[in-house]
Amino acid sequence: MADRKIRQVKLSLTGNEAGAFALKQANPDVAAVFPITPQTELMHAFSAYVADGAVNTEMVYVESEHSAMSATVGAAAAGARAFTATSANGLALMWEIVYIAASLRLPIVMPVINRALSGPINIHCDHSDTMGARDAGWIQIFCENSQEVYDSLLCAFRIGENKKVLLPVMVTLDGFIISHTTEVVETIERDEDARAFIGPYEPWISLLDVDNPVTMGPLDLQDYYFEHKRQQVEAMTNAPAVIDEVFAAYGELTGRRYERVEKYRTDDAEVVLMSLGSTAGTAKEAVDVLRDEGLAVGHLKVRTFRPFPFDLVREALSGAKVVGVLDRSISFGAQYGPLCTEVMAAVHGKDVEIRNFIYGLGGRDIFVEQIAETGRSLYDLMRGKKDLPPQSYIGLRE
């Protein structure tokens, strides 16, 4: 662990509590809230901070997730540092306003507790909710554990509010697997140190400026719409350098250094497994099992799904012969899942075999041995001992 510039304290927190604690330290101006499992406890915890006077946040209790995002957009457009949180069907109900938040270039922060979308109703984890919003114009950071939830939320404000970016940020954590599991989380001891890292909020525009009134967002036809979408592309293009800068500054402050991708035993790996979120921890254990068997297998975790780190993924996979991409969501009618589609684009033109594995839909558990067996199958593919279809399933009863 690198040297740290500030004092820290270890707390026993669930993922939801870690998220609420980070948001408490950020002390946002406005929070619009509506409950949905498994996000509810995050906002319960934050509401307690409001009730106890630990933050100066104005809580807005609304009647739906659509209203929650609408209120958050209104607050941010008025010059407030604002956030909300949701899961699954709640994110889907926000759909219209999620796009508006990004189009208006409002640096809203939103924890999304990953949960399967209906129907039938399922309250457990997969990534179908945030993957459905992957083209909405939001930065997306996926977390492996509660520590990453805490750290990523503090970084999210500073990333989204950077004048070169000005985009909303989703910080995702797997429902129940992270949100309701207690872990030891190292936190910044003094709230003022966390707030100093985030920095003061300097909104790029305020609709409450009565001396310079403006109208935003009512209509944007063919005369300017195309150009405004291109500006969002430019913001996403600027985001990787800003993310790297913020992660580096946070590492200097706390000793915890993050990258947009995390390599685990990939330097000499012939076979590389890839995943998002909490599964990365399980996959790394599976890699250790395979290494003990003499198989050169590694793991690559993607932390920032949007903007997708094409250059870093391409470099990390440069020595691999076979790559197995694990997707916890499915794109109906597509050849591959969302993560695998991006990986295919990243390595286009390179001599590497790619196979996609769908797993864990609706919260179905995935185990170390299942991932290890997947790695063995990929090794057999590399050796020419077996073939695998472009997409297959892990843990499915067929």
Completion exercise
The relative contact order of segment 261-394, taking Cα pairs under 8 Å that sit 6 or more residues apart, comes to a percentage of 28 percent
Exercise for the section: Find out how many positive minus negative residues lie around SER331, taking Lys and Arg as positive, Asp and Glu as negative, among other residues whose Cβ is under 15 Å from that of SER331. Expected result: -3
Practice task
Arrange the following residues from fewest to most other Cβ atoms within 10 Å of their Cβ: GLU270, GLU202.
Solution key: GLU202, GLU270
Problem - Under-5 Å amide H pairs with THR14, H placed in peptide plane, nonlocal only - result: GLU183
Practice task
With a ≥ b ≥ c taken as the square roots of the eigenvalues of the C-alpha gyration tensor of segment 315-398, please select rounded if a/c is under 1.5 and otherwise prolate if a/b is larger than b/c or oblate if it is not?
Solution key: oblate
Practice task
Starting from the Cα of SER318, step 7 Å along the direction of its Cβ; do the same at LYS163; then give the gap between the two resulting points in nm.
Solution key: 3.5 nm
Fill in the blank from the handout: One finds, for GLU202 and PHE332 with R0 = 41 angstrom and r their Cβ-Cβ distance, a FRET efficiency to the nearest 0.05 of 0.45
Exercise for the section: Please work out how much length the chain gains when fully extended from ASP380 to TYR61, using 0.36 nm per residue of separation minus the C-alpha to C-alpha distance, in nm with one decimal. Expected result: 109.3 nm
Exercise for the section: With a point put 7 Å past each Cα toward its Cβ, work out how far ASP268 is from GLU373 in nm, to one decimal. Expected result: 2.9 nm
Handout entry: segment 154-252: trypsin sites (Lys or Arg not before Pro) in DSSP coil with no more than 11 other Cβ atoms inside 10 Å
Key = LYS163
Handout entry: Distance between segment 77-98 and segment 118-153 - C-alpha centres, whole angstrom
Key = 13 Å
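Given the DSSP H assignment, sum -39500 (n - 2.57) over each helix run of at least 4 residues in the chain and divide by its residue total; what's the result at 222 nm in deg cm²/dmol, nearest 500?
For the chain, the value works out to -12000 deg cm²/dmol.
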Completion exercise
Between the Cα axis of helix 15-26 and the main Cα principal axis of the chain, the angle (0 to 90°, nearest 10) is 40 degrees
Problem - Degrees separating the helix 146-160 axis from the principal Cα axis of the chain, which is the longest one - result: 50 degrees
Exercise for the section: Please work out how much length the chain gains when fully extended from ALA345 to GLU245, using 0.36 nm per residue of separation minus the C-alpha to C-alpha distance, in nm with one decimal. Expected result: 33.5 nm
Practice task
Search the structure for amide H atoms under 5 Å from the amide H of ARG306, placed 1.01 Å from N in the peptide plane, and list their residues when 5 or more places away or on another chain.
Solution key: GLN140
Completion exercise
For GLN391, the residues 5 or more places away or on another chain with a placed amide H closer than 5 Å to its own amide H are ASN356
Problem - Dipole magnitude (debye, nearest 20) for the chain, charges at Cβ of Lys, Arg, Asp, Glu - result: 540 debye
Problem - Note, ³J(HN,Hα) from phi for segment 166-177, Karplus 6.51, -1.76, 1.60, rounded to Hz, x at Gly and Pro - result: 6, 9, x, 10, 9, 10, 9, 9, 5, x, 6, 4
Completion exercise
If unit charges are put on Cβ atoms (+1 for Lys and Arg, -1 for Asp and Glu) and the dipole of the chain is taken about its Cα centre, the option from ALA85, THR282, ALA54 lying farthest towards the positive end turns out to be THR282
Handout entry: Fully extended contour minus Cα-Cα distance, from MET216 to TYR393, at 0.36 nm per residue
Key = 59.1 nm
Fill in the blank from the handout: With the dipole of segment 261-394 defined by +1 on each Lys or Arg Cβ and -1 on each Asp or Glu Cβ, the option from GLY298, THR341, PRO389 whose Cα lies farthest towards the positive pole is THR341
Completion exercise
Check: C-alpha center segment 189-206 vs C-alpha center segment 309-359, spacing in Å is 37 Å
Problem - Calculated log₁₀ intensity ratio I(q)/I(0) where the Debye formula runs over C-alpha points of the chain, q = 0.10 Å⁻¹ - result: -0.64
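Values in this text are rule-based calculations from the coordinates and carry no lab data. For clarity, every value in this text was computed on a predicted model and none was experimentally measured. Neighbour counts are summed over all protein chains in view; Cβ atoms, including those assigned to glycine, are modelled from backbone coordinates with ideal geometry.
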